[in-house]
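Taken together, the values in this text are just the output of simple stated rules run on the coordinates, not laboratory data. From a predicted model like this one, the values you see are computed outputs, not experimental measurements. Cβ placement follows ideal geometry from the backbone for every residue including glycine, while neighbour counts extend to all protein chains displayed.
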Amino acid sequence: LPIYLEALYKMSEGEEASKHAKRIGAAYKKVGEEESAKEWYALAGGGASGQFAFGLEHMEREEWAKAAESFESYLQGQPKSVGALKNLGICYDRLGRKADAAEVFARGLEVDPERRDISTSLALVYSDLERWSDVATVAGPAVETWPANEPGKGAMYYLMGKVYEKRDGDYESAIRMFEQARSDPAWGSFAVREIDRQQQLITIRDARKG
């Protein structure tokens, strides 16, 4: 089928040629010849959208390196695509490229500061990097201003608890933050363990003072 379509492409011009190129790209994609598909999507003027689609497919298969490559290519033509920046950040995170993930998530927030999902991802990556002051710049405003039913708020309370512990040595404030995260479905169990740990740290601290 691709060979037949390639013949039609050669005999066509303008918009008709673009349509044939897209069909050829789709045909190659269907049989798994991704490099050929990318070339034909590019000829169709749909190279960017093709790269985004490839990136999503690679993410679904957890092929993080290939997905990252696709989103990097897409962002060359669409540098302010928040969706691509978020996905690229996820790929870098899964690949262990934490600093690169942080940089990409931060770019996404520059484009759209209201993307709370990206704020959460950025704060979590900063936490992995133990950049506690950077965590605070993201999580601090979140715990103050986000609505109580915001899905990522539990994570932000938890992360602010870690800031108070790791950066400030303020275990009492850390406990207050972890208490706020206790009811969160994803972070509650972690918060409960942290509350117990912070109480132990307080006991050790006070014993040393005595």
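A Förster distance of 25 Å, applied to the separation of the beta-carbon atoms of GLN76 and GLU114, puts the FRET efficiency at 0.50. Find which of THR145, PHE190, SER121 sits farthest along the positive direction of the dipole of segment 102-208, computed with +1 on the beta-carbon of Lys and Arg, -1 on that of Asp and Glu, about the Cα centre. So the residue we want is PHE190. Think of each Lys and Arg Cβ as +1 and each Asp and Glu Cβ as -1; about the Cα centre, that makes the dipole of segment 56-210 roughly 400 debye. Here LEU201 and GLU144 are evaluated by their C-beta separation; at R0 = 30 Å the FRET efficiency comes out at 0.75.
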